[in-house]
Amino acid sequence: MVIEHLRRCLVAVTCISLVGAAMPMPAQAAIVSTDRAISLEQRAGYISAVTAGLAREDLQARFVALGVDPAQVQARLAGLTDSELAALAGRIDELPAGGDALAIIGIVFLVLLLLEFTGTIDIFKKVP
Amino acid sequence: MIRDLRAPRTRGARARSGRALASLLLPWMAACSTVAPLDASLPGDAPRRIELTATPFFPQEDHQCGPAALATVLAASGVPVVPADLVAGSYLPGREGSLQAELVAAARRHGRLAYVLPGDPGSLVAELAAGRPLLVLQNLGVDAYPRWHYAVLVGLDAGRDEVILRSGRRQREVMSWARFDDSWRRGGRWAVVLLEPGALPENPEPLRFLEAIAGLEAAGRLGDAAASYAAAAARWPEHALAQLGLGNNAYARGDLAAAVASYQRGVALAPGNAVLHNNLAQALLDAGCPRQAEAEARTAALLAAGTPLEGDVRDTLEAIEAGPRQEGRCAVEAGGSATGQPLSSRDDLEARAADR
């Protein structure tokens with residue numbers, strides 16, 4: 001309940017700050033970006049500036065929670081388009097995060113070792 | 001010691017243990033059995049054997065195959081980096097790995113356009129043949145227990161049905177095509193080529209390429225993006241969105257005359273595109289031409305009615321209505337009417353400006 005309340009509050013604050021940010025420079029706001037024009041032509045659908053702004057807020061918080069230096073978060077998100085931000089928001093914990101190939105080799109080795117000791121296989125030849 | 005305590009094995013026991021092993025591993029291998037050979041998957045005229053031996057190699061640290069693989073393709077494309085330079089910008093400690101989007105963003109920050117290839121073997125071989133190694137995502141586990149891994153594809157040999165990778169701590173990992181394709185399929189057939197600004201991939205798709213340029217722009221590389229938009233406009237002269245990209249890029253760089261000229265070329269190609277009319281209206285307003293701007297914005301409003309763009313166009317119209325009405329310093333209207341005399345090219349625009 002409390003979390004839901006905080007979430008609503010955050011959304012409201014974000015919306016207000018976005019509107020506030022847009023006010024002083026309507027000239028910038030009126031240009032429809034290339035990325036958003038492309039999103040209109042694709043199945044994924046149109047990404048509005050508000051959707052992208054909310055996605056950015058959401059991602060900033062998740063990145064800090066996942067151990068990224070808060071001072072770095074802005075710079076890291078800067079290389080992503082609005083569509084990419086929207087695709088990433090809310091899915092950061094489930095999307096592939098390539099780490100290493102070494103762990104799986106370890107597991108296979110353990111399974112083989114277990115089979116060897118139980119006598120199911122005999123691939124580790126005894127050194128004479 | 002343990003072995004000495006066991007009874008000697010018989011041939012039957014070995015056969016049984018072989019079957020036991022097979023039954024254990026078969027579910028893992030089942031998906032491999034259906035993969036067509038590499039030779040049959042490649043276009044007829046594609047080279048059958050390539051290896052980009054000059055591709056650098058950076059053995060990965062724990063969990064950091066992302067920065068290592070990215071450094072490999074960046075260095076191969078001429079950007080002098082080592083994996084340590086990329087960790088702070090692309091490694092996510094809480095996930096013990098790197099997200100695809102973050103590797104792409106990091107490449108853009110280093111001035112390279114990251115083009116995500118369509119996931120077919122023909123695209124892979126075409127880029128390799130052009131001398132460009134590819135960043136790929138593999139799932140080395142199974143769908144239920146994924147082990148995500150980034151590697152760099154540097155070669156293939158259709159005769160031996162193999163691919164060659166820079167992977168983890170192996171400088172030259174040779175993997176059967178079936179095994180690679182299986183792990184690549186389970187990673188979503190994701191392969192990325194890094195391009196210098198202005199360069200095109202081998203078989204570019206317009207929207208895919210324009211999307212990649214927009215990413216370069218998001219990373220603040222406006223000049224690099226301009227070179228790539230120019231390449232896109234030259235490759236697809238009939239594509240209105242390439243003109244939109246050029247126009248938006250010029251607008252962001254503060255070059256209003258170039259922005260207006262590009263938007264107008266776009267409008268000529270796609271008169272029904274509300275985005276082009278809207279952005280043209282905004283650029284004209286900024287250039288001190290509110291009457292022309294208003295005409296374009298009204299066209300945009302008609303086209304945008306009932307679409308998600310309605311709000312954007314309303315903002316543009318409101319900005320025009322709030323501003324001064326007279327054409328005090330309009331640099332792009334020369335004898336044009338209030339409805340906006342269409343300009344056919346940038347030369348036309350400059351000629352009219354010179355006439356005044």
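The values are calculated or read from the model by the stated rules, or taken from the named source; none is laboratory data. Here the structure is a predicted model, which is why all the values come from computation and not from measurement. All Cβ positions, glycine included, derive from the backbone under ideal geometry; neighbour counts span all protein chains shown.
The set of residues in the stretch B:172-199 being closer than 25 Å to B:Ser228 by Cα and in contact with a strand residue (DSSP E or B) (Cβ under 7 Å, 6 or more places away or on another chain) consists of B:Trp190, B:Ala191, B:Val192, B:Val193, B:Leu194, B:Leu195, B:Pro197.
Scanning the stretch B:282-315 for residues that are under 16 Å from A:Ala37 (Cα atoms) and part of a helix (DSSP H, G or I) turns up B:Gln282, B:Ala300, B:Ala301, B:Leu303, B:Ala304, B:Glu310, B:Gly311, B:Asp312, B:Val313. A count restricted to the stretch A:38-50 and to residues that are buried (at least 16 other Cβ atoms within 10 Å of the Cβ) and either more than 10 Å from chain B (Cβ to nearest Cβ) or within 11 Å of the chain's Cα centre (by Cα) (or both) stands at 0.
Residues checked against (1) within 11 Å of chain A (Cβ to nearest Cβ); (2) closer than 29 Å to B:Asp161 by Cα:
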position: B:Leu52; (1), (2): no, yes
position: B:Phe57; (1), (2): no, yes
position: B:Gln60; (1), (2): yes, yes
position: B:Ala68; (1), (2): yes, yes
position: B:Ala101; (1), (2): yes, no
position: B:Ala114; (1), (2): yes, yes
position: B:Gly119; (1), (2): no, yes
position: B:Leu128; (1), (2): no, yes
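Against the numbered list (1) within 26 Å of B:Val260 (Cβ to Cβ); (2) within 22 Å of the chain's Cα centre (by Cα); (3) modelled with pLDDT under 90, A:Thr81 comes up short only at (3).
Of all residues in the stretch A:61-84, which are outside any helix (DSSP H, G or I) and without any contact (Cβ under 8 Å) to a residue 40 or more places away in the chain?
Residues satisfying the conditions are A:Leu66, A:Gly67, A:Val68, A:Asp69, A:Ala78, A:Gly79, A:Leu80.
Residue count for the stretch B:263-313 satisfying the condition of being touching a residue at least 60 places away in the same chain (Cβ under 8 Å) and crowded, with 19+ Cβ neighbours inside 10 Å: 3. Selection of the stretch A:58-67 for residues being surrounded by 18 or more Cβ atoms within 10 Å (Cβ to Cβ) and either more than 17 Å from A:Gly90 (Cα to Cα) or away from every other protein chain (no Cβ under 11 Å) (or both) yields only A:Asp58.
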